[in-house]
Amino acid sequence: MTDMTDSPATSRPMIWDPLVRVFHWALFLCVVSAWLLGEFGPDIMTLHFWIGYAVGGLLLIRLLWGFVGTRTARFANFVTGPGAVLRYAMTLPARKPSHTPGHNPLGGWSVVAMIGVLGLQVVTGLFSASVDDFVFGPFSDLVSEDVNKLMLDLHKSLAPVILALVALHVGAIWFYKIWKREDLVTPMITGRRRG
Amino acid sequence: MRKILLALPVAALALGTVAYASDAKDVLDAREAYFKSLGKSMKAMMGVAKSFDAEAAKAEAATLEKILATDAGPLFAPGTSSTDFPGETEAKASIWANMDDFGAKGKAMHEAGAEVITAANAGDAAAFGAALQKMGGTCKACHDDYREEDE
């Protein structure tokens, strides 16, 4: 705990604040368990619903934090234009760490994509229903049965999209680890780069 | 004797039972009608469960009891899978390859259905809701394994 105050801390600045880190790992656990429960879970889907609400809550907190949070958490600091993305993409082949203090321009868009798709997944889930499977989302009564079906179709189609985004995310971390010799996992746990 | 044997199918048609359905297409139609009526009954009971009414619950339970009294065996006569009739039925061929498991899932549905009927006749709202959820779960359990995803 002493390294919070002594010199190594100043040479290794905080990249991810505690809220971002707790959000990240809580979201990871919730998304994995929601997917597992959706695919293989009990036929009465109450638990899948509750975890879905948790995902929704986490996303709302992160959205808010994206405006009022710490420097690396704010959207304004990592959502960049195509020029910056392209320029960053050109540096990818170089076999050295990027040492971006936060989300790099490519990763920033990956964050936006994940939040967007997961948000869509929560909303479609809330309005989904299947009479045949006797599963009814909490807001399914508010719309017609045709809309319930459409929402459920979308909800089911988005699941592999989410898996693809997760695979891309994990793949990128491996790429940085092996090709660029940069450890991105430690900062998401401790908040700081390994010194 | 011969006369009686000849008369049987005619009587069956007149009664409209599915047990003597003469060919595969009739089986498909009867099967669809059976599950549509079951779905309709489930939906009606769901409405009853939301704002429980003892009389309505009893009435719906009587309907369910009639549907569940149907012998569903003939509805799954061999040669009536979605492989035999693509686009006309969602019953996967794996049903016939796993008839024991399929039968067990059907039995689970019937048992949960019996609980629903008991709870409805007892006027027990909480038990009715729980049994209905359970029965709904048995629908999904079977659909997950043996029903084609409709696109």
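Readers should treat all values here as calculations from the given coordinates under stated rules, not as data from a laboratory. Keep in mind that what you see is a predicted model, and the values were worked out from it rather than measured. Neighbour counts are summed over all protein chains in view; Cβ atoms, including those assigned to glycine, are modelled from backbone coordinates with ideal geometry.
Here is how the numbers come out for the structure above:
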{"item": "Convex hull per residue volume in Å³, alpha carbons only, for region A:19-99", "result": "138"}
{"item": "Options A:T186, A:S144, A:S128, ranked by Cα towards positive dipole end of region A:15-189, top entry (Cβ charges)", "result": "A:T186"}
{"item": "Where trypsin sites (Lys or Arg not before Pro) fall in DSSP loop in region A:155-195, at most 12 other Cβ within 10 Å", "result": "A:R181, A:R194"}
{"item": "Sequence-distant lysines (8 or more away, or on other chains) whose Cα lies within less than 22 Å of A:K177", "result": "A:K96"}
{"item": "Viscosity 1.002 mPa s, temperature 20 °C, Stokes-Einstein D of region B:23-146 from Kirkwood C-alpha radius, µm²/s", "result": "142"}
{"item": "Theoretical FRET efficiency, 1/(1+(r/R0)^6), r = Cβ-Cβ of A:R95 and A:L60, R0 41 Å, to 0.05", "result": "0.55"}
{"item": "Region A:15-189 - percent relative contact order, Cα under 8 Å, separation 6 or more", "result": "22"}
{"item": "Ranking of A:I15, A:I44, A:I189, A:I61 by count of other Cβ atoms within 10 Å, fewest first", "result": "A:I189, A:I61, A:I44, A:I15"}
{"item": "For A:131-144, mean number of other protein chain Cβ atoms within 10 Å", "result": "4"}
{"item": "Residues B:K36, B:K58, sorted so that the one with the fewest Cβ neighbours within 10 Å comes first", "result": "B:K36, B:K58"}
{"item": "Descending semi-axes in whole angstrom, ellipsoid equivalent of the protein assembly as shown, from the Cα gyration tensor", "result": "56, 23, 16"}
{"item": "Pairwise Cα inverse-distance average, inverted: Kirkwood Rh of chain A (Å)", "result": "18.6"}
{"item": "Nearest-ten-degree value, helix A:82-91 long axis tilted from longest Cα axis of chain A", "result": "60"}
{"item": "30 Å Cα-Cα reach of B:K25 towards lysines, excluding residues that sit fewer than 8 places from it in its own chain", "result": "A:K149, B:K3, B:K36, B:K40, B:K43, B:K66, B:K92, B:K105, B:K107, B:K140"}
{"item": "Likely footprinting exposure, A:W16, B:W96, A:W179, A:W174, fewest C-beta neighbours within 10 Å first", "result": "A:W174, A:W179, B:W96, A:W16"}
{"item": "Separation of alpha-carbon centers, region A:130-195 and region A:17-93, rounded to whole Å", "result": "8"}
